[in-house]
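See structure below.
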Amino acid sequence: MSTDDQSIGERLEELYGDMADVHMQPLWTQTADLMPRTPKSAAVPWLWRWSTMRAIAERAGELVAVGRGGERRAIALANPGLSGKPYVSNTLWGAVQYLGPHESAPNHRHSPSAIRFVLEGDGVWTTVNGDACDMHPGDLVLTPSWSWHDHNNNTDQPMIWFDGLDLPAVIALDAVFFDPEPPSDIQQLEGAHNKSTRVYGGRGLLPLDDVVTTPGQSPLWVYPWADTDAALTNLLAERGGPMVSMRFVDPTTGRSAMQTIGCEMHRIVPGGPAIPVRRTGSAIYVVYRGTGHSIIDGQRFDWAPGDMFVVPSWAAAEHQANEPSDLFAVTDRPVLEALGLYQEERLTAPQEVTSRFAG
Ligand code: GTQ
Ligand code: FE2
């Protein structure tokens with residue numbers, strides 16, 4: 001090695017040191033991490049069992065009060081690949097929320113958008129901007145960005161639902177606002193329950209001459225299970241199995257019900273073969289009904305009602321049912337689509353199973 005080479009090496013080291021001192025970094029030493037050939041999420045495929053989550057939620061119900069200060073009794077699913085952050089993926093928040101008999105979670109609003117998918121209990125409502133939205137198993141309830149919301153359980157039974165939020169994405173965009181001053185702890189109800197469904201929930205019918213109050217936001221806030229079930233039954237009869245998928249839309253535009261969260265329902269019947277698909281963007285699946293398994297990047301996840309699992313961005317995923325099964329899902333797909341970043345790839349053959357999830 002010539003002294004000239006040595007001096008270049010030394011001078012480079014010195015240059016990198018000086019760069020660091022003034023908070024600069026070279027691209028050429030980290031290109032592979034910044035630009036992998038295909039998306040490489042730090043989030044890993046994972047599954048949370050209903051029996052485990054339910055028991056944890058019940059214990060939280062005994063020990064942690066809801067109300068001002070304590071706020072909502074939501075327990076976040078934390079992806080083990082995301083260094084302790086309470087996120088399911090880099091863009092999606094998923095949680096189980098437990099509301100005990102005769103409890104209320106106080107009114108508030110924030111710029112992140114949220115959806116609820118009801119798993120257990122009946123007779124609870126979430127008030128959204130003065131409209132009491134009743135919650136039954138299988139119902140999807142929206143609380144759009146900046147809408148006032150409080151949850152009320154006036155029954156003798158606990159209630160458990162899945163919360164899906166765009167919170168990690170909104171945090172990444174530094175766009176989180178939270179209103180610290182609600183006009184009241186529990187909203188005054190404006191008329192009879194379920195106004196949004198009565199006015200905007202007609203099949204292919206909307207009020208003539210209606211004024212869109214918040215562009216981009218669905219005025220329909222509840223998607224009752226009975227309607228979803230009927231739509232899936234009809235689509236399955238029409239298209240055949242093993243899988244039919246529907247998306248929840250804003251009836252005034254036909255676009256995604258939430259601008260930042262894709263809401264989907266999948267019905268899978270036995271029979272195959274399942275077709276593995278990779279997609280940009282992540283998804284949280286919530287098993288509503290049935291049993292089966294999914295293979296995610298070669299790992300097999302067996303699921304049962306109430307289980308939740310995550311498919312990270314660009315992971316190959318395929319689903320198979322042992323019996324007619326319904327999977328609800330939230331995704332970040334509307335965000336990727338809006339930004340021209342959505343891509344999918346159908347694999348030609350079923351994946352080889354290399355391991356079985358035991359977590
Ligand atoms: O119920 O309003 O899981 O504000 C996270 C944030 C639930 C809620 C969550 C929230 C809520
Ligand atoms: Fe909230």
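Using per-residue counts of other Cβ atoms within 10 Å, averaged over each peptide, order 278-285, 74-81 from highest down. Don't jump to the answer; show the numbers that get you there.
Values: 278-285: 22.8, 74-81: 18.9.
With the highest mean Cβ count within 10 Å placed first, the list reads 278-285, 74-81.
Working note: Karplus 6.51/-1.76/1.60 with θ = phi - 60° gives region 318-323 the couplings 9, 10, 9, 10, 8, 7 Hz, where Gly and Pro are set to x.
Only protein heavy atoms count here; on that basis, with a 1.4 Å probe, Arg356 has an accessible area of about 150 Å².
For the chain, what does -39500 (n - 2.57) per DSSP helix run (n ≥ 4), summed and divided by total residues, give at 222 nm, in deg cm²/dmol to the nearest 500?
Values: 7 runs with 70 residues, N = 359.
For the chain, the value works out to -5500 deg cm²/dmol.
Taking one quarter of the surface of the convex hull spanned by the alpha-carbon atoms of region 225-359 gives a direction-averaged projected area of 8.4 nm². State the Cα centre-to-centre distance between region 69-97 and region 207-244 in whole Å. Each part reduced to its Cα centre gives a spacing of 28 Å. Taking the chain as a Gaussian network, where each spring joins two C-alpha atoms under 10 Å apart, which residue of Leu167, Leu189, Leu63 fluctuates the most? In the Gaussian network model the winner is Leu63.
What does the net charge come to around Thr280 if you take all other residues with beta carbon closer than 10 Å to its beta carbon, with K and R at +1 and D and E at -1?
Working: positive: Arg278, Arg279, Arg333; negative: Asp332, Glu337, Glu344, Glu345.
Neighbour charge sum, excluding Thr280 itself: -1.
Based on alpha-carbon positions alone, could you give the equivalent ellipsoid semi-axes of the chain from the gyration tensor, as √(5λ), descending, whole Å? Could the numbers behind the result be given before it?
Numbers: eigenvalues 298, 145, 89 Å².
They are 39, 27, 21 Å, listed largest first.
What does the charge add up to near Ser218, with Lys and Arg as +1, Asp and Glu as -1, over the other residues with Cβ less than 10 Å from its Cβ? Result for the local shell: 0.
If Lys and Arg each add +1 and Asp and Glu each add -1, what is the summed charge of the other residues whose beta carbon sits under 15 Å from the beta carbon of Ala175?
Working: positive: Arg109; negative: Asp166, Asp174, Asp179, Asp332.
Around Ala175, the charge tally is -3.
May I ask for the angle, rounded to the nearest 10°, between helix 50-63 and the longest principal axis of the chain, with both axes built from Cα atoms and the value confined to 0 to 90°? So the inclination is approximately 70 degrees.
Report the FRET efficiency, 1/(1 + (r/R0)^6), for Lys40 and Arg203, where r is their Cβ-Cβ distance and R0 is 45 Å, rounded to 0.05. Write down the numbers at each step before the final one.
Values: r = 43 Å, r/R0 = 0.96.
Computed FRET efficiency for Lys40 and Arg203 comes out at 0.55.
Which angle from 0 to 90°, rounded to the nearest 10, does the C-alpha axis of helix 3-21 make with the longest principal axis of the chain? So the helix axis and the longest Cα principal axis differ by about 30 degrees.
Within the full protein context, the accessible area of Thr38 is estimated at about 40 Å² for a probe radius of 1.4 Å. Only Cα pairs under 8 Å and 6+ residues apart enter the sum, and on that basis the relative contact order of region 114-272 stands at 22 percent. Of the residues Val353, Val128, the one with the largest accessible area comes first in the ranking Val353, Val128, computed with a 1.4 Å probe on protein heavy atoms. In region 285-359, the portion of solvent-accessible area held by carbon and sulfur atoms comes to 49 percent [1.4 Å probe, whole percent, DNA, RNA and ligands not counted]. Counting only Cα atoms, region 56-122 measures 37, 28, 25 Å along its principal axes, largest extent leading. Each peptide in 19-29, 309-319 receives the mean, over its residues, of other Cβ atoms within 10 Å, and ordering these scores from highest gives 309-319, 19-29.
Highest mobility in the GNM of the chain, judged by mean-square fluctuation with C-alpha springs under 10 Å and restricted to Ala43, Ala65, Ala237, is found for Ala237. Phi angles across region 99-111 convert, under the Karplus curve 6.51 cos²θ - 1.76 cosθ + 1.60 with θ = phi - 60°, into 3J(HN,Hα) values of 10, x, x, 6, 9, 10, 9, x, 4, 6, 8, 7, 6 Hz, Gly and Pro given as x.
In percent, how large is the relative contact order of the chain, given Cα pairs closer than 8 Å and 6 or more residues apart? Please report the intermediate quantities before stating the final value.
Working: 811 pairs, mean separation 56.7, N = 359.
Contact order relative to length: 16 percent.
Counting only heavy atoms of the protein chains, get the accessible area per residue of the chain (1.4 Å probe) and round it to a whole Å² value. Provide the component values of the computation, followed by the final result.
On the way: 18290 Å² over 359 residues.
Result: 51 Å² per residue.
The values are calculated or read from the model by the stated rules, or taken from the named source; none is laboratory data. Predicted model, so just to flag it, every value in this text is computed and none were measured. We place every Cβ from the backbone using ideal geometry, glycine too, and count neighbours over all the protein chains shown. What goes into the accessible areas is simple: the full protein's heavy atoms, side chains included, and nothing from ligands, DNA or RNA. Shrake-Rupley method; radii C 1.70, N 1.55, O 1.52, S 1.80 Å.
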